[in-house]
Amino acid sequence: MEREEIQLGRAGSVETAQPGEDEELWSGEDGGDHTGWFCVRTDPFPCPAPGCSFVAEFMTAAHLVLVWEERDDPNLLRHAQRAKEVGRNPRIVSYEPIYGPSASYYAWEAAGRPVHGIRGK
């Protein structure tokens, strides 16, 4: 199996489909306060969606900081490892609301893993 070379700040492929007029954008609101949960802080990296100027400093989904309840959650560790493999210098930290809006990793999974939460203008 041939491995594709990974370059910082670039995605191998990006789904560019935008939500239709009747589609609701995922906001990640699962009703919980995630203060004290865990997230993966990284070196800044741009959103790969065309025309989006959002720059993330955490592992995100739809521009929301993904959080896990347990520091040793296997999915948190897997995502941190992936960030390390692409040179993003991951650090597992305790989530604080000042980092921005958050979403539980498992709520994101249950929502179908939406990747972009802002409709293009």
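The values are calculated or read from the model by the stated rules, or taken from the named source; none is laboratory data. Note that this is a predicted model, so its numbers are computed, not measured. Reconstructed Cβ throughout: ideal geometry from the backbone, glycine too, with neighbour counts over all protein chains shown.
It is to be established whether one or more residues within the range 64-81 are touching a residue at least 40 places away in the same chain (Cβ under 8 Å) and not in a helix (DSSP H, G or I). Within the range 64-81, one or more residues are touching a residue at least 40 places away in the same chain (Cβ under 8 Å) and not in a helix (DSSP H, G or I). Among the conditions (1) more than 11 Å from the chain's Cα centre (by Cα); (2) buried (at least 19 other Cβ atoms within 10 Å of the Cβ); (3) under 20 Å from residue 33 (Cα atoms), residue 49 misses just one, which is (3). Residues in the range 82-115 that are part of a loop (DSSP other than H, G, I, E, B) and charged (D, E, K, R): 88, 96, 113. Total residues in the range 41-59 satisfying the condition of being at negative phi, in contact (Cβ under 8 Å) with a residue 12 or more places away in the chain and either of a type in the set (A, V, I, L, M, F, W, C) or assigned to a loop (DSSP other than H, G, I, E, B) (or both): the figure is 10. Might you let me know whether the range 56-68 holds any residue that is at pLDDT 95 or above, touching a Pro at 6+ places or on another chain (Cβ under 9 Å), surrounded by fewer than 17 Cβ atoms within 10 Å (Cβ to Cβ) and not aliphatic (A, V, I, L, M)? Yes.
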